Amino acid sequence: MLDKIKIFSGNSNPTLALKICEALKMPLGAARVRRFSDGEVMVEINENVRGRDVYVIQSTCAPTNDNLMELLVMTDALKRASAATITAVVPYYGYARQDRKAAPRTPITAKLVADLITTAGIDRVVTVDLHAGQIQGFFDIPVDNLYAAPVILNHLKGRFDGQPIVMVTPDAGGTERARAFAKRLECSLAVIDKRRTGPNVAEVMHLIGDVRGKIAIILDDMIDTAGTLTQAAKALKENGATAVYACATHGVLSGPAIERINNSEISEVVLTDTLPLGDKENMTTKITMLSVSGLLAEAIRRIHEDESVSSLFV
């Protein structure tokens, strides 16, 4: 059945694409993605894709606009090469935080990106831990929003089995996610009440829940500048946590994030490879990387063979 699949990758996360191909026991498709001297994207598909179900692995991470454009141009090339279907596997969906009008005369860029992807000719989107689940409704095509929870939970169970732990959400919006983790780890839950004073600026106000004498594990969907994370870790230590760990699906780690993590109370940060860290991974000893390649490979197999994807998480 899988002989009708072709998997291609842009330049954003080729290592993850190779891991997915390895899990599916198939080669990565032959494609060349390069730039003209003025920066325009040029894509060449160097093998026959006529009548094939094509999957393009491309996180729209930094440089976000370049990687998004690569995805759109590659889609157009595949469509004109008569691919039967084109599925965009976007482990990290850029612009997801701009999912509503947070102030007057501001855009809803997550919707704009969804329109661009649909108009380019993509038939389905597979992504991991959307910043807001309702972004699926911005698309007029099927969207499979996978969860990295099984990958992270397996790591936490092995790492903290039998130890007193408490799951902590750094803002009220992540309570449902943290509660689901706490239920599966059979531990308590705490919430940090956070007030934002501007974009990428957060101020911790107070802690709801008991963390004294316990290992606190902060859970979030992404870590960007790490301001929220490190302030949360400080508050947890001040309230009696014996140690502080953090885990998130997407390690954006922009700006001063690495420096803040290195100078913080956090013992370890667990991330997945939905987007590459590059040189940042060598700038700290506190980061542990887990791979979602097996999860994405299984989702691709199930989609291709018309099996249930949601049953992966039930």
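Here, each number is a calculation from the coordinates, and none is a lab measurement. Computed from a prediction, not measured in an experiment: that's the story for all the values here. Here the Cβ is made from the backbone with ideal geometry for all residues, glycine too, and neighbour counts use every protein chain on show.
If you fit an axis through the alpha-carbon atoms of helix 293-304 and take the longest principal axis of the Cα set of the chain, what angle between them do you get, 0 to 90°, nearest 10?
For helix 293-304, the angle is close to 50 degrees.
Suppose R0 equals 25 Å; then what is the FRET efficiency for Lys4 and Asn154 from their Cβ-Cβ distance, rounded to the nearest 0.05?
0.20
Percent of Cα-Cα pairs more than 17 Å apart in the stretch 5-146, please.
59 percent
Which angle from 0 to 90°, rounded to the nearest 10, does the C-alpha axis of helix 227-238 make with the longest principal axis of the chain?
30 degrees
For mean projected area of the Cα convex hull in nm², which listed value, (i) 16.9; (ii) 16.1; (iii) 13.7, comes from the coordinates shown?
(i)
Can you give the helix-only mean residue ellipticity at 222 nm for the chain, where every DSSP H stretch with n ≥ 4 adds -39500 (n - 2.57) and the sum goes over all residues, rounded to the nearest 500 deg cm²/dmol?
Helices in the chain give a 222 nm mean residue ellipticity of -9000 deg cm²/dmol.
Residue by residue through the stretch 131-136, what is 3J(HN,Hα) from phi via Karplus (6.51 cos²θ - 1.76 cosθ + 1.60, θ = phi - 60°)? Round to whole Hz and write x for glycine and proline.
In residue order, the calculated couplings are 4, 9, x, 5, 4, 4 Hz.
Work out, step by step, the length gained on full extension between Phe36 and Gln163: first 0.36 nm times the residue separation, then minus their alpha carbon distance; give nm to one decimal.
Between Phe36 and Gln163, full extension yields an extra 40.2 nm.
Taking every DSSP beta bridge with both residues inside the chain, roughly what % is antiparallel (nearest 5)?
Among the beta bridges of the chain, antiparallel pairing accounts for roughly 20 percent.
Provide the per-residue ³J(HN,Hα) series for the stretch 4-15, in order, calculated from phi with Karplus coefficients 6.51, -1.76, 1.60 and θ = phi - 60°, each as a whole number of Hz, with x at glycine and proline positions.
8, 8, 10, 10, 10, 9, x, 8, 6, 8, x, 5
Calculate, in nm to one decimal, what Ala84 and Arg100 gain on full extension: separation in residues at 0.36 nm each, minus their alpha carbon distance.
2.4 nm
Share of antiparallel DSSP beta bridges in the stretch 5-146, in percent to the nearest 5?
Of those bridges, close to 20 percent are antiparallel.
So what is the relative contact order of the stretch 261-307, in percent, for Cα pairs below 8 Å that sit 6 or more residues apart?
Answer for the stretch 261-307 is 39 percent.
With axes computed from alpha carbons, what is the tilt in degrees of helix 149-160 against the longest principal axis of the chain, rounded to the nearest 10 within 0 to 90?
Value to nearest ten degrees: 40.
Which lysines, on any chain, are close to Lys183 with Cα under 22 Å apart, when same-chain ones fewer than 8 places away are left out?
Within reach: Lys157, Lys214.
Provide the packing ranking of 61-71, 34-44, i.e. peptides ordered by the mean count of other C-beta atoms within 10 Å per residue, highest first.
Order by mean packing, descending: 61-71, 34-44.
Can you give me the relative contact order of the stretch 5-146 as a percent, contacts being Cα pairs under 8 Å and 6 or more apart?
This gives 20 percent for the stretch 5-146.
Quote the FRET efficiency, to the nearest 0.05, computed for Thr119 versus Arg302 with a Förster distance R0 of 45 Å and r equal to the Cβ-Cβ distance.
Working from the Cβ atoms, E equals 0.95.
Quick one: if you stick a label point 7 Å off each Cα along the C-beta vector at Glu44 and Ala172, how many nm between them?
In this crude spin-label approximation the distance works out to 5.6 nm.
If R₀ is 25 angstrom, what is the calculated FRET efficiency for the pair Met289 and Asn11, using the beta carbon separation as r and rounding to 0.05?
0.80
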